[in-house]
Ligand code: AMP
């Protein structure tokens with residue numbers, strides 16, 4: 001599988017890691033997926049799981065590459081828990097700079113959440129479903145059926 005992004009997409013630091021041009025602390029690799037330790041961990045064991053397919057955001061990823069990542073995520077998560085002794089964790093996947101994405105190659109964070117608070121902090125501001133919920137759900141469902 002090629003490592004070049006589509007026209008207009010810049011290479012990222014993860015492209016260089018995939019190409020072997022930059023080092024990483026690898027924990028898993030197969031034909032479609034690489035996983036390695038995050039260089040600035042929120043907690044010990046913070047791991048990144050990336051498809052080898054070049055895509056900036058999750059919605060741009062092929063079904064095949066998504067399936068390859070999904071197939072190994074639980075196995076990698078179990079290994080991170082066993083290695084660190086953590087029992088709870090978050091899986092985080094950011095898309096777009098406003099959504100905290102800094103590296104524009106799809107990646108999933110596995111972040112142990114420790115009793116001392118280390119891990120992912122979440123400022124989760126609850127909203128309320130509006131009167132347009134049924135229409136919105138129908139619109140999303142229609143888009144899925146068209147894709
Ligand atoms: P995001 O904000 O979701 O784009 O996360 C990007 C993550 O990549 C951050 O948690 C960084 O610490 C991590 N990162 C950046 N460069 C490297 C690198 N060379 N090796 C490992 N992790 C990296």
Of the criteria (1) surrounded by 15 or more Cβ atoms within 10 Å (Cβ to Cβ); (2) within 15 Å of the ligand (Cβ to nearest atom); (3) assigned to a helix (DSSP H, G or I), which one residue 81 fails: (2)
Applying the selection to segment 18-49, what residues are over 24 Å from residue 71 (Cβ atoms), more than 8 Å from the ligand (Cβ to nearest atom) and touching a residue at least 12 places away in the same chain (Cβ under 8 Å)? 43, 44
Cross-chain or 6+ apart pairs with Cβ under 9 Å, segment 93-111 first and within 15 Å of residue 53 (Cβ to Cβ) and near the ligand (Cβ under 8 Å from one of its atoms), then assigned to a loop (DSSP other than H, G, I, E, B) and modelled with pLDDT under 95: 104/5; 104/9; 104/10
Restricting the search to segment 93-117, which residues are within 17 Å of residue 33 (Cα to Cα) and surrounded by fewer than 16 Cβ atoms within 10 Å (Cβ to Cβ)? 93, 103
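The values are calculated or read from the model by the stated rules, or taken from the named source; none is laboratory data. Being a predicted model, the structure only gives us computed values, none of them experimental. Cβ sites come from the backbone with ideal geometry, for glycine too, and all protein chains shown count toward neighbours.
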